[in-house]
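Structure record follows, encoded as structure tokens.
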Amino acid sequence: MSNFSADITKIDTLVYGGDGLGRAADGRAVFVPYTVPGDRVRYHVRRAYKRYIKAELVEVLEPGNSRQEPLCPHFGTCGGCEWQMLSYARQCTWKHHLLEQNLAHSLGAEAVRALRDFLPAPAHIGYRCRAQLKCAEVAGTFVPGFYRSGTHKV
């Protein structure tokens, strides 16, 4: 038996940066990566603050309606993508929504009205035009890759 404990929350929304947002039993906001609205999840507290908790996903107990199987086998360990558990159409919807919120908060309602329609990429994967690869030495050879999520390890 381990002393590993985990709590349960339902994810209500997504936030800038890709985490799902739920509430802890004490009312604090809980930020859980790789979750979607409607997910009921078990999480482990990584860091607790006065008003919020940063957590890691332990298990999806009940998936939300918009959850899908990620396309990439490295999803969740590679730091390249945060939202592959959502369809590309849902990703675009959430990114547009979060951009509107950010503009309204920082620049006011005028900036939101000036925002044109969100233009999705023609392909739902492989559309990035910029990537920042890092190198790591593996068995005497340098190999390129992305940082693992939340670390500086390639």
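The values are calculated or read from the model by the stated rules, or taken from the named source; none is laboratory data. Just so we're clear, the structure is a prediction, and the values are computed from it rather than from any experiment. Ideal geometry is used to build each Cβ from the backbone, glycine not excepted, and the neighbour counts take in all protein chains shown. Heads up: the accessible areas ignore ligands, DNA and RNA and are worked out on the full protein's heavy atoms, side chains in. Shrake-Rupley method; radii C 1.70, N 1.55, O 1.52, S 1.80 Å.
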Members of the range 6-17 that are at pLDDT below 95 and open to solvent by 80 Å² or more (accessible area, probe 1.4 Å): 16
Checking residue 21 against (1) touching a Phe, Trp or Tyr at 6+ places or on another chain (Cβ under 9 Å); (2) surrounded by 14 or more Cβ atoms within 10 Å (Cβ to Cβ); (3) touching a residue at least 24 places away in the same chain (Cβ under 8 Å), the condition it does not meet: (3)
Of all residues making up the range 40-68, the number that are among the charged types (D, E, K, R) and closer than 11 Å to residue 86 by Cβ: 1
Of residues in the range 18-44 being among the β-branched types (Val, Ile, Thr) and either at pLDDT below 95 or not in a strand (DSSP E or B) (or both), the one nearest to residue 150 (Cα to Cα): 35
Candidates 92, 81 - the one that is part of a helix (DSSP H, G or I), of a type outside the set (Lys, Arg), open to solvent by less than 70 Å² (accessible area, probe 1.4 Å) and under 19 Å from residue 20 (Cβ atoms): 92
Failed condition for residue 87, given (1) open to solvent by less than 90 Å² (accessible area, probe 1.4 Å); (2) in contact with a Lys or Arg (Cβ under 9 Å, 6 or more places away or on another chain): (2)
Neighbours by Cβ (under 6 Å, 6+ apart or cross-chain): first from the range 39-68, polar (S, T, N, Q); second open to solvent by 60 Å² or more (accessible area, probe 1.4 Å): 66/90
Some residue of the range 126-146 being closer than 19 Å to residue 15 by Cα and either within 15 Å of the chain's Cα centre (by Cα) or surrounded by fewer than 16 Cβ atoms within 10 Å (Cβ to Cβ) (or both): no
Tally of residues being part of a strand (DSSP E or B), open to solvent by less than 60 Å² (accessible area, probe 1.4 Å) and under 21 Å from residue 22 (Cα atoms) across the range 59-78: 2
Candidate set from the range 46-57 (those that are within 16 Å of the chain's Cα centre (by Cα) and under 18 Å from residue 14 (Cα atoms)); member that is surrounded by the most Cβ atoms within 10 Å (Cβ to Cβ): 55
